[in-house]
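A.B. asks: Have a look at this one before I ask anything.
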Amino acid sequence: MLCPRDGTILISPEESGKSVFSRNGIFHCPTCAGLALNSEAASSEICSKKLESMHDGFMDEGTPTDICCPFCEVKMKVRDFAFRKIDGSLTELIEIDGCPECSSFWLDSGELQRLSPPNGDKNENTDSEARALAVVFDLLFHLPFVLL
Ligand SMILES: [Zn+2]
Ligand SMILES: [Zn+2]
């Protein structure tokens, strides 16, 4: 399976060795750090349900893109999402590419970084990277989303 942006072979959830990736069915690109999510690859029921409900927003709506779904090669669509935080406010808008056929999504790493909590730590060690990812996935999978 190839990165829809740069054609690099994606690393599967099992190969990544990160439980947050295998739980949430996440394939990642070692070149651009983009993430491909797929509801069938997710081992967590919460995650796979969330991805399926997000998929509903891509079947009939969304703006066509030129990138192909890494799972089924159909042209993906893009929509703006925000997530509703516990205090009722919304996170910043992020663009998510979704496949109109299968329950798959593509996240550019730049979009993910906009969701990351600003912890002021410029020291990119793997621990803080993993922590930031875990927070991002908490946002993605535990907060209700709003389609804009
Ligand atoms: Zn890539
Ligand atoms: Zn697809």
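Taken together, the values in this text are just the output of simple stated rules run on the coordinates, not laboratory data. Being a predicted model, the structure only gives us computed values, none of them experimental. Because the Cβ atoms are built from the backbone with ideal geometry, glycine has one as well, and the counts that use them run over all protein chains shown.
A.B. asks: If I stretch the segment between GLU61 and LEU90 completely, what's the gain in nm (0.36 nm per residue apart, minus their alpha carbon distance), one decimal?
C.D. replies: 8.3 nm
A.B. asks: While we're here: According to the Kirkwood expression over distinct Cα-Cα pairs, how big is the hydrodynamic radius of the chain, in Å?
C.D. replies: Hydrodynamic radius (Kirkwood, Cα pairs) of the chain is 15.4 Å.
A.B. asks: Quote the FRET efficiency, to the nearest 0.05, computed for GLU101 versus SER19 with a Förster distance R0 of 22 Å and r equal to the Cβ-Cβ distance.
C.D. replies: 0.20
A.B. asks: About its Cα centre, what dipole magnitude does the chain give when the only charges are +1 on Lys and Arg Cβ and -1 on Asp and Glu Cβ, stated in debye to the nearest 20?
C.D. replies: Computed charge dipole of the chain: roughly 260 debye.
A.B. asks: How far apart, in nm, are the 7 Å Cα→Cβ label points at LYS49 and CYS32?
C.D. replies: 3.3 nm
A.B. asks: Test of understanding: what is the full-extension gain from MET1 to GLN113, defined as 0.36 nm times their sequence separation minus their Cα-Cα distance?
C.D. replies: Extending this stretch completely gives an extra 37.9 nm.
A.B. asks: Which of the aspartates and glutamates could be linked to LYS77 by a straight reach, that is with a Cα gap under 17 Å, when you skip same-chain ones fewer than 8 residues away?
C.D. replies: GLU52, ASP56, ASP60, GLU61, ASP66, GLU95, ASP97, GLU101, ASP108, GLU111
A.B. asks: What's the exposure ranking of LEU37, LEU90, LEU139, going from fewest to most Cβ atoms within 10 Å?
C.D. replies: LEU90, LEU139, LEU37
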